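Right, one structure below, let's go through it.
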Amino acid sequence: MVAITSPAFKENARTALADPGLQKALGTAKGAFLQRRAQAVANLPEFEQLRDIGRDIKNHTLANLDFYLEAYEAKVKAAGGQVHWCSTADDARAAVLEICRKANARTVTKGKSMISEELGINAHLEAHGIRPVETDLGEYILQLRQEHPSHIIAPAFHLNREDWEADFRRLHTDLPPDRVFAERRDILAEARTKLREKFLQADVGITGANFLIAETGSSVIVTNEGNGDLTQTLPRVHIALASIEKVVPTLEDATSLLRLLARSATGQDFSVYTTFSTGARRPADLDGPEEYHVVLIDNGRSNMLGTEFQEMLRCIRCAACMNHCPVYGAIGGHAYGWVYPGPMGSVLTPSLIGIEKTGMLPNASTFCGKCESVCPVKIPLPKMMRHWREREFERHLTPATQRSNLALWGWFARRPALYRAATRAANAALGLLGRGKGSFHSLPLAGGWTAGRDLPVPEGGTFMARYAKEQRRR
Amino acid sequence: MTKEAILGAIRRGLKRGPLPADQQAMLGGRLATHPRHLIPSRSRLPRPDQVALFIRNVEKEFGTVERVPNAEAVPAAIADYLAAQNLPSRFPMAPHPELTAIPWSERPLLEIEQRRAEATDQVSLQHGYAGIAETGTLMLPSAPERPTTLNLLAETEMVVLRASRIVGAYEEAWDRLRAESRDERSGGFMPRNIMFVTGPSRSADIEQTLELGAHGPRRLHIILIDDDPAALPMGEATAPPPVAVPGGPAAPGD
Ligand code: SF4
């Protein structure tokens, strides 16, 4: 499992804010996802209705999760596949290793999978003499750098082009050292060539799954590169890793969620490859894996059912919440200290590994509400972060000095870059809420402030933005 | 057993036991009838506009489309495309009856092999099962006559699709598959693999900037056979066989 540094969130954030390479990468990436998503949403008038539908499909499935998982398993078996039920990360790692061993696997190719990061599959395989090769371009360079993803759909979000070039030169030593990377495309071409060899060598291919379909026993992956498809098509054995909440009842249900996923994630109408895998190669087929395994993982999900965090299990891992989060935008993903960053991570991580191990995480928010407003399945992320804070408070895990929300505000305010990014977003949110009111008599979480005074509704830019403007004018 | 442990944990969380029989029957009914949800109106169009929407969406996603009047026109269209792109005239083709019935002998320079794709292939020719106008997406279910590797390994993927196979929304494509496909192994209708392909492969992993041609094809070229009189562009439907193939394909993504 990935080492947990979440309790050091403050230090991590401070380091991130002072890291010029990271700040450059965040600056480059900033806005790209936002604009593309906004455009895709604007082009689909039914998008808001689809969000309600997405939420309802997931709620219906979660309420009947036991039924749909059993129905799903029956269909996988009928199509010649196997389902391995795993309660814990240990169970899942053992199941994957056993399948690989039975296949006499030496090399395993991997499609991008966050659950694989959560389980620490790579380290486990390596420890047992099997070589895992990440094939998603972003994951590939992170494996070369021995780093973890900083974003759930764009793992190398924190890197600049120069990093790619330097790492490729350093590690692809069989290629001429003076070769030229004139364009990003040249980097892509080199990775394609390198990874082609790996795809052809691999004995086993491991992918994640965006959805499992009870009606048909299918697992679904969504990619743009085609690496996931090569991973699950070429080797003799395909293993799909999926947590239990990935199941949906029918193809129609999956289709409605797919209409939300790519638009929310990358701002595409549909990803390039959306692939449904159902069982193993059929007798007359000319290609495809001979064995098809689904490793079905609980690892803490069932504990969330029936709690105030059940709704988090609707998450379809689109990353819209982190793309729109001012805190994420200022510090990147690594500062969150575990596999899942951003608002969804701040809720999910304590649920999966325990609040006592994650400390500050649910406080990594300005409560601007942007995450909830873009979430395709309408997960009330800010509310859930507040639930965690309450639990944390009840357990007296919070140091006394932090037992007020304004103390957190103070922490943000002392970090100018973070504060500016956060207030820009909060300002926009407050402006909307209080439009036409002039001031707030009370505000959630700012009781200490509004008890004695009214908070004026922000007009125009933030104070810092105005100040800077005034300075320039002089 | 782990399965029972997980199901038990789920039921404890949901504060109930196994679902009562009537409830299970109801959910089973939902699976069997697979009700549709809201379908965006964008693809609910007259046939000619639906096909035009498909083409527009393919091109928006950096694919190319060439319309030909009938299957007889396919060999020339392919030979010209390969020549224009400076690509080899030898390639693997899906052993699908609709493709093998094409009069290839008219273009003897095309060296066509009916097989799956291998890593050394530069070009492949696939059979399109359906096209989805909503997003310009090809539906490619695996079958002995439609190997999956033909979608993936070559730098240039060509797909022959009949205009009558273009539908508006994904749901319509699912219903076609349900009606037309039988899978012997599972007794259901799902083949081993179905790829929905929207444009050529790409990555934005380097500085969130889009580059075409990641691990899959760098070019996706669709040869669209106008076999559906109702789907011809307005004004041409009554005209004699459409002669001119509308403008050559734009440079594919480079
Ligand atoms: S919480 Fe919502 S917005 Fe965030 S990744 Fe999950 S589905 Fe996407």
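The distance between label points at A:E290 and A:D178 comes to 4.9 nm (points 7 Å beyond Cα on the Cα→Cβ vector).
Legend: residues in the stretch B:31-45 shielded by at least 30 square angstrom of accessible surface upon adding the remaining protein chains to the isolated chain (1.4 Å probe, heavy atoms) are B:L31, B:H34, B:H37, B:L38, B:P40, B:R42. Among the protein heavy atoms, those of A:D186 account for about 50 Å² of accessible surface (1.4 Å probe, every chain in place). In the stretch A:36-60, the residues whose accessible area drops by at least 10 square angstrom when the other protein chains are added to the isolated chain are A:R36, A:N43, A:L44, A:E46, A:Q49, A:L50, A:I53, A:I57, A:H60; the probe is 1.4 Å and only protein heavy atoms count. Name the long-range amide H neighbours of A:V133: under 5 Å, sequence gap of 5 or more, or other chain; modelled H, no Pro or chain starts. Residues meeting the criterion, in which the H sits 1.01 Å from N, are A:V108, A:T109, A:K110. Across the stretch A:340-349, computed HN-Hα scalar couplings (Karplus, 6.51 cos²θ - 1.76 cosθ + 1.60, θ = phi - 60°) run 9, x, x, x, 5, x, 5, 8, 6, 4 Hz from first to last residue, x flagging Gly and Pro.
The largest-to-smallest principal axis extents of the Cα set in the stretch A:303-394 are 29, 25, 22 Å.
A Cβ-based charge dipole, computed about the Cα centre of the stretch A:303-394 with Lys and Arg at +1 and Asp and Glu at -1, lands at about 240 debye.
Each listed q (0.12, 0.16, 0.19 Å⁻¹) maps to a log10 I(q)/I(0) for the stretch B:40-230, found by the Debye formula over equal Cα scatterers with no solvent: -0.57, -1.03, -1.41. The Cα center of the stretch A:96-121 and the Cα center of the stretch B:176-232 differ in position by 27 Å. Length gained on full extension, A:R161 to A:I4, computed as 0.36 nm times the residue gap minus the Cα-Cα distance: 53.7 nm.
Where only DSSP H runs of four or more residues are counted, the protein assembly as shown gives -12500 deg cm²/dmol as its mean residue ellipticity at 222 nm, each run worth -39500 (n - 2.57). Build a GNM of chain B with springs between Cα atoms under 10 Å apart, and of B:P75, B:P229, B:P35 the one that fluctuates most is B:P35.
Our coupling estimate for the stretch B:51-62, obtained by passing each phi through the Karplus curve with A = 6.51, B = -1.76, C = 1.60 and θ = phi - 60°, is 5, 4, 5, 4, 5, 4, 5, 4, 5, 4, 8, 6 Hz, Gly and Pro reported as x.
Annotation: per residue accessible area for the protein assembly as shown equals 38 Å², rounded to a whole number [probe 1.4 Å, protein chains only]. Between B:R56 and A:E126, the modelled labels are 5.0 nm apart [label points 7 Å from Cα along Cα→Cβ].
Here the simple spin-label model places points 7 Å from the Cα toward Cβ, and for B:E118 and B:A101 these points are separated by 3.1 nm. Considering only A:G208, A:C86, A:Q143, and ranking their Cα positions along the charge dipole of the stretch A:31-299 that arises from unit charges at the beta-carbon of Lys, Arg, Asp and Glu, the one farthest toward the positive end is A:Q143. For the stretch A:326-337, putting each phi into the Karplus relation 6.51 cos²θ - 1.76 cosθ + 1.60 with θ = phi - 60° gives couplings of x, 5, 4, x, 8, 10, x, x, 5, 4, 5, x Hz, in residue order, rounded to whole numbers and with x for Gly and Pro.
Subtracting the Cα-Cα distance from 0.36 nm times the residue separation, let me have the gained length for A:F393 to A:E11 in nm, one decimal.
On the way: separation 382, 0.36 × 382 = 137.52 nm, distance 2.12 nm.
135.4 nm is the gain from fully extending A:F393 to A:E11.
Checking Cβ-Cβ separations below 4.7 Å across the protein assembly as shown identifies A:C86, A:C100, A:C315, A:C318, A:C325, A:C368, A:C375 as cysteines lacking any candidate disulfide partner. How big, in percent, is the set of alpha carbon pairs in the protein assembly as shown lying more than 36 Å apart? Looking at the protein assembly as shown, the distances longer than 36 Å represent 43 percent of pairs.
Taking every alpha-carbon pair in the stretch A:220-304 and binning the separations at 10 Å intervals from zero gives 15, 39, 37, 8, 0 percent. Shielding value for B:117-127 is 1, the average number of Cβ atoms from other chains within 10 Å of each residue's Cβ.
The charge dipole of the stretch A:225-298, taken about its Cα centre with unit charges on the Cβ atoms of Lys, Arg (+1), Asp and Glu (-1) only, comes to about 60 debye. Candidate cross-link partners of A:K24 among the aspartates and glutamates, defined by an alpha-carbon separation under 17 Å and a same-chain spacing of 8 or more, comprise A:E162, A:D163, A:E165, B:D205, B:E207. Peptide A:246-257 has a mean shielding of 5, counted as Cβ atoms of other protein chains within 10 Å of each residue's Cβ.
Once R0 is set to 25 Å, what does the formula 1/(1 + (r/R0)^6) return for the Cβ-Cβ distance between B:R44 and A:A63, expressed as a FRET efficiency to the nearest 0.05?
Numbers: r = 32 Å, r/R0 = 1.29.
The calculated FRET efficiency here is 0.20.
Using R0 = 51 Å, the C-beta based FRET efficiency linking B:M26 and A:R185 works out to 0.45.
With a cut-off of 19 Å on the backbone N, the residues of the stretch A:24-61 near the modelled label site 7 Å out from B:K15 along Cα-Cβ are A:59-61. Inter-part distance, the stretch A:146-172 to the stretch A:250-295, computed on C-alpha centroids, equals 27 Å.
When B and A come together, around 7900 square angstrom of accessible surface is lost from both chains combined, probe 1.4 Å.
Work out the length of the dipole vector of the stretch A:94-194 about its Cα centre, built from +1 on the beta-carbon of each Lys and Arg and -1 on the beta-carbon of each Asp and Glu, and round it to the nearest 20 debye. Charge dipole, the stretch A:94-194, about its Cα centre: 380 debye, nearest 20. Among beta bridges identified by DSSP and lying wholly in the protein assembly as shown, the antiparallel ones come to about 35 percent.
When we measure straight from the Cα of A:K58, which lysines land under 27 angstrom away, once same-chain ones fewer than 8 places off are left out? Answer for A:K58, where 27 Å is the Cα cut-off: A:K75, A:K77, A:K112, A:K246, A:K370, A:K378, A:K383, B:K3, B:K15, listed by chain and number. Between A:N43 and A:K77, the contour length at 0.36 nm per residue exceeds the Cα-Cα span by 8.2 nm. Using a probe radius of 1.4 angstrom, the carbon and sulfur fraction of the accessible surface of the stretch A:303-394 is 49%.
The values are calculated or read from the model by the stated rules, or taken from the named source; none is laboratory data. If you're wondering where the values come from, they're calculated on a predicted model, not measured in any experiment. So basically every Cβ, Gly included, is an ideal-geometry build from the backbone, and we count neighbours across all protein chains shown. The accessibility values were calculated without ligands, DNA or RNA, using every heavy atom of the protein model including side chains. Shrake-Rupley method; radii C 1.70, N 1.55, O 1.52, S 1.80 Å.
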